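The values are calculated or read from the model by the stated rules, or taken from the named source; none is laboratory data. Predicted, not measured: the structure shown is a model, and the values here were computed from it. No Cβ is skipped: glycine too gets one built from the backbone with ideal geometry, and neighbour counts run over all protein chains shown.
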Amino acid sequence: MHKSKLTLYIFIALLLGVVTGYVYNIKVIDAFNSKIKLAEANIKTIDSRIVQLKDTTVAEFKQLNAARVIDVKERTDAVTTREDKLEGFTILSDIFLRLIKMIVAPLVFTTLVVGVAKVGDINAVGRIGGKTLLWFLSATLVSLLLGMLLVNLFNPGGTMHLALPDSHLGTDIKKSALSLKDFVGHVFPRSFIEAMANNEILQIVVFSLFFGVATAAIGEKGAIVIKAMDAIAHVILKITGYVMKLAPIAVFGAITAVVAKQGLGIISTYATFIGEFYFSLVLLWMLIIAAGFFVLRNRVFTLVNNIKDAMLIAFSTSTSEAAYPKVLIELERFGCNNKIVSFVLPLGYSFNLDGSMMYMTFASLFLAQAYGIHLSFSHQLSMLLVLMLTSKGVAGVPRASLVVIAGTMAMFNIPEAGLALLIGIDPLLDMGRSATNVLGNVMATAVVSKWEGELAE
C-alpha cells in the first residue's frame, strides 16, 4: 500500500508542479524572460554588425562594443533576478538531491565491498565482471545505434535550416576532450577520501574492488570487516527510507522551476524533436525489456512494475543517481542476491547509461542536421565510437551528457553554438534519459543475477 502511495504522491506532485510553474511563469517570470529575449536580440544584431566591420579602429566599432556591454549587463541582471525568483522552488529539489548524494558514495562503497568479499575469489569477481561488461557494451552499442538510425529516419533538424554561426560565437559549456590522461585520472583514485567527497562513483568502485578482494583474501579476520560493512549498508538503507519520503516535495520543486523558467511554450516549440526523442526512448525500453524477457521470462514485468517509483524519481529530478538507493532495495526484494546487486549496480552507474547514450547520438546528429552539415555513414559510425569512449564514467548527474556532446561536436566541426538550441529543452530530455538509465541498470543486474544462478524465485 505504502509503495503505491509514494507513486501517487510523486505523480500528483508532477501535475501540481506543471500547473504552479505555468501560473508562476505568467505572473512573475515572463517579464524577466522578455527582457532577456530583447537583450539577446540586440546582442545578436550588434554581433552581426561587428563582424561586417573590417576596421576595428573606427568610432562605430567602439559605439557598438559599448552598446553590447550594456545589453550583456541587462541580460545578466535579468537572468540573475529570474534565478532568484525561482530559488524557493529549486531549493526543494536541491535539498533532496544533496541528501541522496550524501547516501550514494558510502552506499556504493559498503555494498560493493560486501558483494566482492562474499563473491570471494578473484576468479568469480572476474567472471561476474566479464558477464556484466558484456551486457553493458551490448546495451551501449544498441542504444547508440538505435539513436543514430532513428535520428536519420526522423531528420528532426532538417526543418531548421540554421546559418553556420561565426567561429567566435561559442557557448560556455566546458568541452570534454577525449584524452587518455583524463580518462585514467577519472577511473583511478588519487585518494579514496577525495573520491568519496566528489562522489566519483567509478573511482569508488575501483577502490571497493581492491578492498573487497583483499578482505576476502585475509580469511577469518576479514569476516569482521564484512559484518561491519553489511551493518553500515543496512543503516544507510534505513536513512534512504527517510530521505525517500521527501521525494514528492523535490519533484514538485524541480518541475515547477523548469516550467516557470521556460513556460509551456518550450514544450510546443520543440514538440517534434521532444516527441521523436521520447518515441525513440520507448523503443529502447521495449528492446531492453525484450532482452530481459529472454533471460527472466515473465518475471521481467514484475521487475518493471517494482521499479516504477525509482524511475519516476529519476524522471522528475533529472538524475538517475537519485533513484540509486531505491533501486538497490527493489532489486534485493525482487530476489537478486545482494552480492551481485552491490557489484553490478555501481558499475552500471558509470558504464551503462543507455538513455544518455541514445541522447548523445540523437542530439549530435540533430545539430548537424540543423546546420545542414552532411555526415557520411562512416563519419557517423566514428562519432558513435567516440561517444562510446568519451561517455564511459560520466556520472549519473544532470547535464553530464551536454559536456560530452560539446567535446564530440568539436571533433566533427559541428558549431558549438548549436548547444544553445539544446540547453533550453535539455531538462525535459534529461528526465526521460535518466529514467531509461535506471531501467537499463536494473535489467542488467537482474540478468547477471540469473546468469549466475543467484536469482531467488
inquiry  = Could you go through region 264-283 and let me know if any residue there is in contact (Cβ under 8 Å) with a residue 24 or more places away in the chain, of a type in the set (Asp, Glu) and farther than 23 Å from residue 113 by Cβ.
reply    = yes
query = Being in a helix (DSSP H, G or I), in contact with a Ser or Thr (Cβ under 6 Å, 6 or more places away or on another chain) and among the β-branched types (Val, Ile, Thr), is that true of even one residue in region 231-251?
reply = yes
key: Matching residues, region 31-77, being closer than 21 Å to residue 263 by Cβ and either charged (D, E, K, R) or exposed (fewer than 12 other Cβ atoms within 10 Å of the Cβ) (or both)   = 34, 35, 37, 40, 41, 44, 74, 75, 77
inquiry  = So residue 19 passes all but one of these: (1) surrounded by fewer than 14 Cβ atoms within 10 Å (Cβ to Cβ); (2) part of a helix (DSSP H, G or I); (3) at pLDDT below 90. Which condition number does it fail?
reply    = (3)
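If I filter region 405-457 down to residues being among the polar types (S, T, N, Q) and either within 18 Å of residue 276 (Cβ to Cβ) or in a loop (DSSP other than H, G, I, E, B) (or both), which single residue comes out as modelled with the highest pLDDT?
Taking the candidates together, the pick is 436.
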query = Do you know which of the residues in region 81-112 that are over 30 Å from residue 192 (Cβ atoms) and of a type in the set (A, V, I, L, M) is modelled with the lowest pLDDT?
reply = 92
note = Of the residues in region 18-56, those that are farther than 30 Å from residue 248 by Cβ and in contact (Cβ under 8 Å) with a residue 40 or more places away in the chain come to 35, 36, 47, 51
query = Is it fair to say residue 25 is at pLDDT 90 or above, in a helix (DSSP H, G or I) and within 30 Å of residue 310 (Cβ to Cβ)?
reply = yes
ask   = Going through region 185-227 one residue at a time, which ones are free of Cβ contacts under 8 Å to residues at least 60 places away in the same chain, in a helix (DSSP H, G or I), under 18 Å from residue 114 (Cβ atoms) and not aromatic (Phe, Trp, Tyr)?
value = 206, 214, 217, 220, 221, 223, 224, 227
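Sort through 149, 144, 153 and tell me the only one that's outside any loop (DSSP other than H, G, I, E, B), buried (at least 18 other Cβ atoms within 10 Å of the Cβ) and either basic (Lys, Arg) or at pLDDT 90 or above (or both). Spell out how you get there, then give the answer.
On the way: 149 fails: buried (at least 18 other Cβ atoms within 10 Å of the Cβ); 153 fails: buried (at least 18 other Cβ atoms within 10 Å of the Cβ).
So the residue among 149, 144, 153 that is outside any loop (DSSP other than H, G, I, E, B), buried (at least 18 other Cβ atoms within 10 Å of the Cβ) and either basic (Lys, Arg) or at pLDDT 90 or above (or both) is 144.
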request  = Output yes when any residue across region 364-377 is modelled with pLDDT of 80 or more, surrounded by fewer than 24 Cβ atoms within 10 Å (Cβ to Cβ), more than 29 Å from residue 106 (Cα to Cα) and among the β-branched types (Val, Ile, Thr), and no when none is.
outcome  = yes
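Give the residue that is modelled with the highest pLDDT, with candidates limited to residues of region 171-208 that are among the polar types (S, T, N, Q) and closer than 22 Å to residue 387 by Cα.
Pass one, region 171-208, residues among the polar types (S, T, N, Q): 171, 176, 179, 191, 198-199, 203, 208.
Filter again for closer than 22 Å to residue 387 by Cα, leaving 171, 176, 179, 203.
On the way: 171: 51, 176: 50, 179: 62, 203: 84.
Here the residue is 203.
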inquiry  = Against the conditions (1) crowded, with 24+ Cβ neighbours inside 10 Å; (2) at pLDDT 90 or above; (3) of a type in the set (A, V, I, L, M, F, W, C), where does residue 304 fall short? Just the number, please.
reply    = (1)
inquiry  = With the structure loaded, tell me whether residue 356 is over 12 Å from the mean Cα position of the chain (by Cα) and modelled with pLDDT of 85 or more or whether it fails that test.
reply    = no
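Do the conditions hold for residue 438, that is, is it buried (at least 24 other Cβ atoms within 10 Å of the Cβ), within 22 Å of the chain's Cα centre (by Cα) and not small (Gly, Ala, Ser)? Explain how you work it out, then say what you get.
Details: buried (at least 24 other Cβ atoms within 10 Å of the Cβ): yes; within 22 Å of the chain's Cα centre (by Cα): yes; not small (Gly, Ala, Ser): yes.
Judged against the criteria, residue 438 is a match.
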